[in-house]
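Here's the structure we're looking at; comments come further down.
The values are calculated or read from the model by the stated rules, or taken from the named source; none is laboratory data. Note that the coordinates shown come from a computational prediction; the quantities given were computed from them, not determined experimentally. Counting neighbours? That spans all protein chains shown, and the Cβs are built from the backbone with ideal geometry, glycine included. With ligands, DNA and RNA removed, areas are computed over all heavy atoms of the protein, side chains included. Shrake-Rupley method; radii C 1.70, N 1.55, O 1.52, S 1.80 Å.
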Amino acid sequence: QVQLVESGGGLVQPGGSLRLSCAASGSILTIYTMGWYRQAPGKQRELVATISSGGTTNYADSVKGRFTISRDTAKNTVYLQMNSLKPEDTAVYYCKADIFTVVGVSRRDYWGQGTQVTVSS
């Protein structure tokens, strides 16, 4: 069994900052790429940022220069530092991880439950 638990969402004013965390736990052998996605009301879920096991990062154009993704391999945790937040960043943010597990010796994507980020004055 593998779980991803996100934290750090909330209400922030435009121009403010938030830091999201996502911790993976369970019968984990290896975690490959980890990432953050978001879904605004009435819109499809979209990629925000990803980070490979080797540290290579990838960002959506809309967040480049404002958001930074990082990971702590020892803690099985991925972070998303969000600066200069805009109202259009308002969404539910989801963590995703590509994990190779002990149980069943299988590899697949796992998702967190999501955390709400609201940017409003």
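Quick notes
- Extension reserve of the Gln3-Lys86 stretch, reckoned as 0.36 nm per residue once the Cα distance is removed: 26.9 nm
- For Arg71, the accessible surface of its heavy atoms amounts to roughly 50 Å² (probe 1.4 Å, protein chains only, rounded to the nearest 10).
- Taking amide H positions as modeled 1.01 Å from N, with prolines and chain starts lacking one, the residues under 5 Å from Ser53 and 5 or more places away or on another chain are Thr33.
- Among beta bridges that DSSP assigns inside the chain, antiparallel share in %, nearest 5: 95 percent
- Paramagnetic reach from Val105 (point 7 Å along Cα→Cβ, amide N under 18 Å) across region 1-42: 1, 27-31
- Solvent-accessible area per residue for the chain (1.4 angstrom probe, square angstrom): 52 Å²
- Of all lysines in the structure, the ones whose alpha carbon falls short of 28 Å from that of Lys86, not counting any fewer than 8 places away in one chain, are Lys43, Lys64, Lys96.
- As a fraction of the 1.4 Å probe accessible area of the chain, surface on carbon and sulfur atoms comes out at 47 percent.
- Computing Cα extents along the principal axes in Å for the structure here picks out one of (i) 42, 29, 24; (ii) 47, 26, 23; (iii) 49, 30, 24, namely (ii).
- Cβ crowding within 10 Å averaged over residues, with 73-80, 99-106 ranked highest first: 73-80, 99-106
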